[in-house]
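The next block holds one structure in the form of structure tokens; read it before the comments.
None of the figures in this text is laboratory data; all of them are computed from the coordinates on show. Bear in mind the structure is a predicted one, so any value in this text is a computation, not a measurement. Methodologically, a virtual Cβ is constructed for each residue, glycine included, from the backbone with ideal geometry; neighbour enumeration extends over all protein chains shown.
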Amino acid sequence: MTRLHIASSCPMTVQFWLFGLDARTGDLARLGYVRRPAPPTLPQGPKGPGSSVYACGHLRLHSAGLSADLPQGELCFERRTGRFWLGGERIGRERGYALALPLVLHHEARLCRLHAPDWRGAQLRAHVLPAPVRRALPAWRAARRGLEAHLWTPAGRPDVYGAPVLPPVPAP
């Protein structure tokens with residue numbers, strides 16, 4: 001199994017493709033992300049540092065990956081390799097996903113509240129998906145099963161107006 005195949009078969013492959021749609025459609029800005037130039041420390045592409053960094057709270061998104069300030073240290077995910085780092089030390093994918101998943105699900109819940117509960121499904125049906133994204137869909141769908149916990153009120157019912165009530169992001 002090559003590195004490319006490992007990285008492309010993870011749920012983050014689909015998520016980053018969708019984050020790209022969020023950036024292009026303006027949804028990141030609507031959700032409160034602030035766009036800043038990419039710092040020179042991010043991986044350089046053939047045309048320079050690449051795209052911007054979008055920051056919201058303690059989460060930062062870039063085409064090369066994500067980073068977040070957590071109580072345990074800075075969590076970093078490298079999109080191309082599928083590697084996670086915590087406080088400068090490489091950590092296993094399972095632990096990395098466990099730390100990143102609450103942040104991703106919180107983003108997804110806020111996006112559902114902005115649009116509709118099946119917004120992502122509609123986006124996936126409306127586009128011709130690149131092969132790595134198609135291959136990673138089952139893993140992404142499995143990871144998303146936790147989203148329902150972010151979409152319901154503590155009383156176990158949807159918000160009376162149809163919009164999800166968002167609990168605070170759980171601590172990793």
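Figures for the structure shown
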quantity	calculated
For the range 48-145: Kirkwood Rh in Å [reciprocal of mean 1/r, alpha carbons]	14.8 Å
Linear extension gain, residue 36 paired with residue 93, 0.36 nm per residue minus alpha-carbon span	17.7 nm
Estimated distance in nm for a label pair at residue 114 and residue 134, the labels positioned 7 Å out from Cα along Cα-to-Cβ	2.8 nm
Under 18 Å from the residue 127 label point (7 Å along Cα→beta-carbon), backbone N, the range 11-40	11-31
